[in-house]
Amino acid sequence: MAIKYLTQRAAQAIDVELMSPTGGGFSFEQLVELAGLSVAQAITKEYSKESHPRVIIFSGPGNNGLDGLVAARHLSHFGYQPKVYYPKRPDKPVNQGLMKQCTELDIPFVDSPESGLHDSDLIVDAIFGFSFSGEVRQPFVSAIQALKNTTIPIVSVDIPSAWDVEKGNIRGEGFQPSMLVSLTAPKEGAKDFNGKHHYLGGRFISRKMEEKWGLNLPRFPGTDQCVRLNTQSENDTTSGKTRRGLDDKNDRMDRHFMDNVVSQAFS
C-alpha cells in the first residue's frame, strides 16, 4: 500500500499528538534533534564529505530552521565543513542553545545568501517547513531567489521552501531541489518533487500511531535514521478505491486537528 502524503493540518495534528503526554510523549527539543540528525544522515547517503565537503545551511526563523542548525552540528561531527545563513534569530532558549553549539564547533554564520553560496558544494534549504503560508518576505525573498539561480545541489528539509505545502510548486515558479528529506511522512506538496533523491527522516512514529493514521511508512533499515523513498509518487498507481480510503483518512486527521487542537487553543 502507498505511503501516506499529509495535508498541512494533518501534519500539524500528528506533530501535536507526538508532543502530547497522552500521545507520543516527546518534547519539542527531542523532535528537533531527531529531525536534524536524520537530515544530516540522509545527506551522507548521497553527498559524501569527499565530494561535497562545504555545506551552507539556509535556516529560517521557525522549526525548520532549528532542524537545519541541528543538521549543521551533526555534519560538522561527520567531517563536513558547514556554515549557516541565519538572518532571523528568535531569542528563545532552544535557538540560542543550538547557535551556541554551532559556534563551539567553529561553524561560521554568514551575513548574506551570496556569501554563503561562495565556495559551497551543497546547500541545505531549511528556511520554511510545513507550517508556512502566505507571502515570502525579506530577507528570505533574496534567499529564495538565490536558490532559484544557483547550480549547486540543494537538499530541502521536509518541503522545498516557499512551495505550497499541499499544492506543491505552484505554476512552476519555485526552485526544484535535487534532494528532499521529508519528515514524519511526505507532505502533499512533495508530489511535485522530481529530484534525484527522496528520503524519509525523523524516526519517531510508533507502530501504534502509524496504524492509527494509516501512514504506511517504510521500515527504517538497521540503525539508520532515514530511509530512501521512491522518487516516483506511489499515488500514481493507487487504485480509485484505495485513494478514496486515503482521502477518508485525510478527512479524519483534519477533523482530529480541528476538534483537538484548534478548539482547545481557543477554549
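The values are calculated or read from the model by the stated rules, or taken from the named source; none is laboratory data. Note that the structure is predicted; figures quoted are calculated from it, not measured. Glycine gets a Cβ as well: all are built from the backbone with ideal geometry, and neighbour counts include every protein chain shown.
Which one is surrounded by the fewest Cβ atoms within 10 Å (Cβ to Cβ), of the residues in region 151-175 that are among the aliphatic types (A, V, I, L, M) and in contact with a strand residue (DSSP E or B) (Cβ under 7 Å, 6 or more places away or on another chain)? Explain how you work it out, then say what you get.
Our first condition is that a residue be among the aliphatic types (A, V, I, L, M); within region 151-175, this holds for 152, 154-155, 157, 159, 162, 165, 170.
With in contact with a strand residue (DSSP E or B) (Cβ under 7 Å, 6 or more places away or on another chain) added as a condition, the list becomes 152, 154-155, 157, 159, 165, 170.
Values: I152: 16, I154: 22, V155: 27, V157: 34, I159: 31, V165: 23, I170: 12.
Filtering first and then ranking leaves I170.
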What number of residues within region 131-141 are part of a loop (DSSP other than H, G, I, E, B) and either closer than 26 Å to R54 by Cα or of a type in the set (S, T, Y) (or both)?
4
Within region 105-140, restricting to residues that are at pLDDT 90 or above and of a type in the set (V, I, T), the one that is surrounded by the fewest Cβ atoms within 10 Å (Cβ to Cβ) is V110
Scan of region 1-23 for residues that are farther than 19 Å from P218 by Cα, over 17 Å from the mean Cα position of the chain (by Cα) and not charged (D, E, K, R), ordered by number
M19, S20, P21, T22, G23
Tell me which residues, restricted to region 164-206, are among the aliphatic types (A, V, I, L, M) and over 20 Å from M19 (Cβ atoms).
I170, M179, L180, V181, A190
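Return yes or no: is G65 within 17 Å of the chain's Cα centre (by Cα), part of a helix (DSSP H, G or I), free of Cβ contacts under 8 Å to residues at least 40 places away in the same chain and surrounded by 20 or more Cβ atoms within 10 Å (Cβ to Cβ)?
It is false that G65 is within 17 Å of the chain's Cα centre (by Cα), part of a helix (DSSP H, G or I), free of Cβ contacts under 8 Å to residues at least 40 places away in the same chain and surrounded by 20 or more Cβ atoms within 10 Å (Cβ to Cβ).
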Give the residues of region 103-157 that are under 17 Å from G60 (Cα atoms), of a type in the set (V, I, T) and without any contact (Cβ under 8 Å) to a residue 24 or more places away in the chain, sorted by residue number.
V141
Please tell me if G172 is in contact with a helix residue (DSSP H, G or I) (Cβ under 8 Å, 6 or more places away or on another chain) and at positive phi.
no
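So, of the residues in region 18-50 that are touching a residue at least 60 places away in the same chain (Cβ under 8 Å) and of a type in the set (S, T, N, Q), which turns out to be farthest from H74 (Cα to Cα)? Lay out the reasoning, then the answer.
Taking region 18-50 and keeping what is touching a residue at least 60 places away in the same chain (Cβ under 8 Å), we get 18, 23-24, 26, 28-32, 34-35, 37-39, 41-43, 45-47.
Okay, now just the ones that are also of a type in the set (S, T, N, Q), so 30, 38, 41.
Numbers: Q30: 15, S38: 10, Q41: 8 Å.
Among them, the one singled out is Q30.
Hey, can you tell me all the residues within region 179-198 that are in contact with a Lys or Arg (Cβ under 9 Å, 6 or more places away or on another chain) and not small (G, A, S)? Spell out the reasoning first.
In the first step, residues of region 179-198 are kept if they are in contact with a Lys or Arg (Cβ under 9 Å, 6 or more places away or on another chain); the result is 179, 185-186, 188-189, 192, 197-198.
M179, P186, E188, D192, H197, H198 - these are the residues of region 179-198 that are in contact with a Lys or Arg (Cβ under 9 Å, 6 or more places away or on another chain) and not small (G, A, S).
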Quick one: which of F58, F128 is assigned to a loop (DSSP other than H, G, I, E, B) and closer than 30 Å to T7 by Cβ?
F128
Any residue in region 71-78 that is in contact with an Asp or Glu (Cβ under 6 Å, 6 or more places away or on another chain) and closer than 21 Å to G202 by Cα?
no
